[in-house]
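Everything on this sheet refers to the single structure shown next.
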Amino acid sequence: MSRSTPGADPGGGAIPAVTIRALDASDIGPLRELLGLFGDVFDDAATYHSAQPDDAYLSRLLASGTFIAIGAWQGTLAVGALAAYVLPKFEQARSEIYIYDLAVAESHRRQGIATALINQTRRIAVARGAYVIFVQADHGDEPAIALYTGLGTREDVLHFDIRPAE
């Protein structure tokens, strides 16, 4: 799945189109580019750069029905990334999709890239029979809150991280 979104330079000129593409099992290199982008945007190199899985693991992950990776490229430069998980439900034969990470390079923000990544996720959700997509935003992350408010219904919930048993 690939889509292009035209861009506009804040100065009024056109910028090269951004291509939005869902990754498949053969896209190990592009997934590593997206991992690099996440690490840079989130200023978290330790998580996204230092202990990346081997190619076989990433290929299996991309081939699974429970992981979605979507990238945005301007030419050969990765400028946006989305990682999501498909969660099969037990109470009905359906699933939901959780957007785990969404990042856009600072130089490419406010150009519709995040919305295009989410819209690609929406198309994938329909194809996979998911009934809802959900995402979390941190208090104080006003740009994310504004983006998600414009695309969906806000629910105020508390999130807790629980460590596995020792």
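At each listed q (0.10, 0.12, 0.14, 0.16 Å⁻¹), what is the log10 of I(q)/I(0) that the Debye formula gives for the chain modelled as equal alpha-carbon point scatterers? Values, matching the q order: -0.40, -0.58, -0.79, -1.04.
For Asp156, Asp40, Asp138, which order do you get if you count the other beta carbons within 10 Å of each Cβ and list the fewest first? Could you put the intermediate results ahead of the total?
Numbers: Asp156 5, Asp40 16, Asp138 8.
Arranged by neighbour count, lowest to highest, Asp156, Asp40, Asp138 become Asp156, Asp138, Asp40.
Taking amide H atoms as placed 1.01 Å from N in the peptide plane, the amide H of Val79 lies under 5 Å from those of Ala72, Trp73, Gln74, each 5 or more residues away in sequence or on another chain. Taking all Cα pairs closer than 8 Å and separated by 6 or more residues, the relative contact order of segment 2-151 comes to 20 percent. Alpha carbon centre of segment 114-137 versus segment 20-40: separation in Å? Between the Cα centres of segment 114-137 and segment 20-40 lies a distance of 18 Å.
Among Tyr131, Tyr48, Tyr85, the ranking by other beta carbons within 10 Å of each residue's beta carbon, starting with the fewest, stands as Tyr131, Tyr85, Tyr48.
Of the DSSP H helices in the chain, not one has a Cα length along its own long axis of 27 Å or more together with a mean Kyte-Doolittle hydropathy reaching 1.0. Going from the residue with the fewest nearby Cβ atoms within 10 Å to the one with the most, Ile68, Ile99 rank Ile99, Ile68. Using C-alpha pairs under 8 Å with a sequence gap of at least 6, the mean separation divided by the residue count of segment 62-104 gives a relative contact order of 33 percent.
When a/c reaches 1.5 or more, the comparison of a/b and b/c decides; with that in mind, is segment 92-166 rounded, prolate or oblate per its Cα gyration tensor? It comes out oblate by the Cα gyration axes. Where both bridge residues fall in the chain, DSSP classifies roughly 85% of the beta bridges as antiparallel.
Bear in mind these aren't lab numbers, they're just calculated from the coordinates by the rules spelled out. Quantities reported herein were computed from a predicted structural model and do not represent experimental measurements. Quick reminder, even Gly has a Cβ in these numbers, built from the backbone with ideal geometry, and neighbours come from all protein chains shown.
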